[in-house]
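These notes are about the structure you will find just below.
Every number in this text was worked out from the coordinates using simple rules, so none of it is lab data. Owing to the predicted nature of the structure, the values given are computational and were not obtained by experimental measurement. Neighbour counts run over all protein chains shown; Cβ positions are idealised from the backbone, glycine included.
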Amino acid sequence: MSRVKLTVNGQTVSREVPDNTLLSQFLREDLRLTGTHVGCDTSQCGACLVHVDGRAIKACTTLAVSLDGADVTTIEGVANGDDLHPMQTAFNTHHGLQCGFCTPGMVMAGIDIVTRYQAMGQPLTEAAIREELEGNLCRCTGYHNIVKAIADAAQTMSGAAKAAQ
Amino acid sequence: MYELKYHKATSVADAVAILGDAEDGKVIAGGQTLVPTMKQHLAAPSDLIDIRALAELQGVCIKGDALVVGAATRHADVALHTDVRTHIPALARLAAGIGDPAVRAMGTIGGSLANNDPSACYPAAALALNATIITDRREVDADAFFAGMFATDLDEDEIITSVRFPIPEKAAYAKFPNPASRYAMVGVFVAVLDGDVRVAVTGAGEDGVFCHKGLEAALAARFTSAAVDGVDVSEEELMSDLHGSAAYRAQLIKVMAKRAVIAAG
Ligand SMILES: Cc1cc2nc3c(=O)[nH]c(=O)nc-3n(C[C@H](O)[C@H](O)[C@H](O)COP(=O)(O)OP(=O)(O)OC[C@H]3O[C@@H](n4cnc5c(N)ncnc54)[C@H](O)[C@@H]3O)c2cc1C
Ligand code: FES
Ligand code: FES
């Protein structure tokens with residue numbers, strides 16, 4: 001057992017957990033943040049994506065103890081109160097989900113993709129979005145609307161980033 | 001996953017000492033291979049020694065006429081580093097093509113080389129570029145480092161600290177990714193170093209990554225994609241599995257070699 005102290009969605013949390021606890025288990029079972037989904041056993045589906053210290057990583061492929069002190073954002077932490085994040089709004093507008101199982105991972109991936117491309121100053125083309133979604137599997141939508149949602153949110157998010165400057 | 005004891009190493013020397021004391025210890029870097037393997041009960045170390053955050057294992061620099069990459073440098077950081085993109089763009093592109101963005105955000109070069117998966121990308125770069133693997137106790141040439149599928153020349157408690165890549169005149173990596181796993185079905189890394197041509201093949205060999213002597217000789221004589229046509233790539237000692245037969249992989253080696261030669265220019 002080890003004590004793990006993290007900042008999750010802006011709040012400090014501290015729990016005593018077995019060393020073999022995955023971050024996905026820690027979030028879902030210890031913190032009851034069940035928005036982070038687990039869709040595979042092989043680190044391939046991306047349903048469990050969360051942001052750790054600014055990078056999107058697979059919560060199912062990381063030990064919670066190894067992240068002691070880290071800053072974690074999950075799908076529960078992206079909206080501002082009742083105001084959805086632009087990425088969530090865009091998934092809604094473009095019908096970027098059907099059953100919704102992959103959606104938390106898709107939204108976390110989408111935010112990460114847009115943020116990285118903006119930081120690099122590179123245009124986010126449709127081809128780039130498809131390539132960047134390599135690690136996120138969806139079994140329902142056929143991806144087209146997910147790609148449209150991310151492209152649309154990129155516009156809103158770049159407007160917001162410019163307005164903030 | 002079985003029970004284990006986690007340790008955060010404070011230095012490479014500390015990690016080696018903890019490894020020595022542990023019953024069945026293993027170092028963990030990005031965890032992108034080790035964690036899935038442990039989840040499937042294919043590995044069950046008693047102790048995990050985390051070296052991912054050690055400052056002495058991070059970063060990229062130019063030393064003399066070589067590019068040195070710290071063992072715990074992540075794929076995403078190799079892909080974006082200016083020195084890598086300027087001096088060995090083929091290596092930056094290889095790193096940018098590993099798995100998916102979340103794998104690249106965690107996985108490290110040291111973990112990839114130590115694991116020596118027969119379908120991994122970095123082993124092909126290390127072999128073709130004639131890299132030197134630097135560990136906590138010695139330096140090993142890539143030619144002597146890879147020792148068959150999932151096997152290397154590393155001692156049980158030996159830790160890779162960095163990798164030194166000579167800067168080639170030309171180089172390129174062409175990979176045919178497995179559509180499900182993104183690992184190489186076949187990947188070919190071609191490099192011209194001091195006038196010598198080296199061609200490393202991953203994803204295909206029954207013993208893991210290897211240099212193809214026939215392709216090297218043909219390309220040394222004439223560095224064009226047409227030179228590949230005349231080379232006999234035998235299917236002997238190539239892998240056959242549900243993804244493709246040895247004959248299919250032999251054909252892919254030629255196609256990837258041509259693409260790499262064209263990309264190297
Ligand atoms: C979905 C998915 C897709 C992938 N696709 C690709 C791909 O296309 N191409 C590719 O090449 N790889 C691919 N990988 C593997 C990925 O690149 C891994 O990151 C890499 O192989 C291992 O690096 P790591 O830092 O994660 O190592 P870990 O998982 O932490 O460790 C792997 C092994 O190396 C040992 N080790 C780690 N660091 C050191 C060190 N410094 N010295 C000595 N031993 C060490 C560990 O003890 C362990 O045995 C993929 C992985 C996943 C999950
Ligand atoms: S649950 Fe993490 S990648 Fe599938
Ligand atoms: S919406 Fe059902 S898996 Fe993506």
Would you list B:F210, B:F189 from fewest to most Cβ contacts within 10 Å?
B:F210, B:F189
For B:E169 and B:E23, FRET efficiency with R0 = 51 Å and r from the beta-carbon atoms, rounded to 0.05?
0.55
Number of partner chain Cβ atoms within 10 Å, mean per residue of B:165-175
0
Shape call for the stretch A:59-102, from the Cα gyration tensor axes a ≥ b ≥ c (a/c under 1.5 means rounded, otherwise prolate when a/b beats b/c, else oblate), comes out oblate
Two-decimal Rg/Rh of the stretch A:86-164 from alpha-carbon positions, Kirkwood Rh?
0.95
Can you work out the Karplus-derived ³J(HN,Hα) for every residue in the stretch A:152-159? Use 6.51 cos²θ - 1.76 cosθ + 1.60 with θ = phi - 60°, whole Hz, and x for glycine or proline.
5, 4, 4, 5, 4, 5, 6, x
Can you check how the C-alpha radius of gyration of the stretch A:21-121 compares to 2.2 N^0.38 Å, as a plain ratio?
1.05
Can you list residues whose amide H is under 5 Å from B:K8's amide H, if they're 5+ apart or on another chain and H is modeled 1.01 Å from N?
B:D50
Give me a single rounded figure for A:56-67: the average over its residues of other chain Cβ atoms within 10 Å of their Cβ.
6
Applying the span-like rule to chain B (DSSP H, Cα extent along axis at least 20 Å, Kyte-Doolittle mean at least 1.6) gives none
Please rank B:I134, A:I111, fewest neighbouring Cβ atoms within 10 Å first, as an exposure proxy.
B:I134, A:I111
Out of residues 5 or more away from B:L238 or on other chains, whose amide H comes under 5 Å of its own, with H placed 1.01 Å from N in the peptide plane?
B:E206
Calculated from backbone phi, Karplus (6.51, -1.76, 1.60) coupling profile of the stretch B:133-138 in Hz, x at Gly/Pro
8, 9, 10, 5, 10, 6
In nm, to one decimal, how far is the modelled label at B:E236 from the one at B:A221, with both set 7 Å along Cα→Cβ?
2.1
Eigenvalues of the alpha-carbon gyration tensor of the protein assembly as shown, times 5 and square-rooted, give semi-axes in Å, largest first, of 36, 27, 20
How big is D, in µm² s⁻¹, for the stretch B:57-264 by Stokes-Einstein at 4 °C and 1.567 mPa s if Rh is the Kirkwood radius over C-alpha pairs?
77
How are the alpha carbon pair distances in the stretch A:2-77 distributed across 5 Å bins from zero to the largest one, expressed in percent?
3, 18, 32, 29, 14, 3, 0
Just the Kirkwood number for the stretch B:149-265, please: inverse of mean 1/r across all distinct Cα pairs, in Å, one decimal.
15.0
Amide H contacts of B:S119 (H built 1.01 Å from N, under 5 Å, at least 5 apart or other chain)
B:G203
Which three lengths, in whole Å and largest first, does the stretch B:49-117 cover when its Cα atoms are put on their principal axes?
33, 26, 19
Just the C-alpha atoms of the stretch B:1-52: what Rg/Rh do they give, with Rh taken as the Kirkwood radius?
0.96
Computed [θ] at 222 nm, helices only, for the protein assembly as shown once each DSSP H run of length n ≥ 4 contributes -39500 (n - 2.57)
-9500 deg cm²/dmol
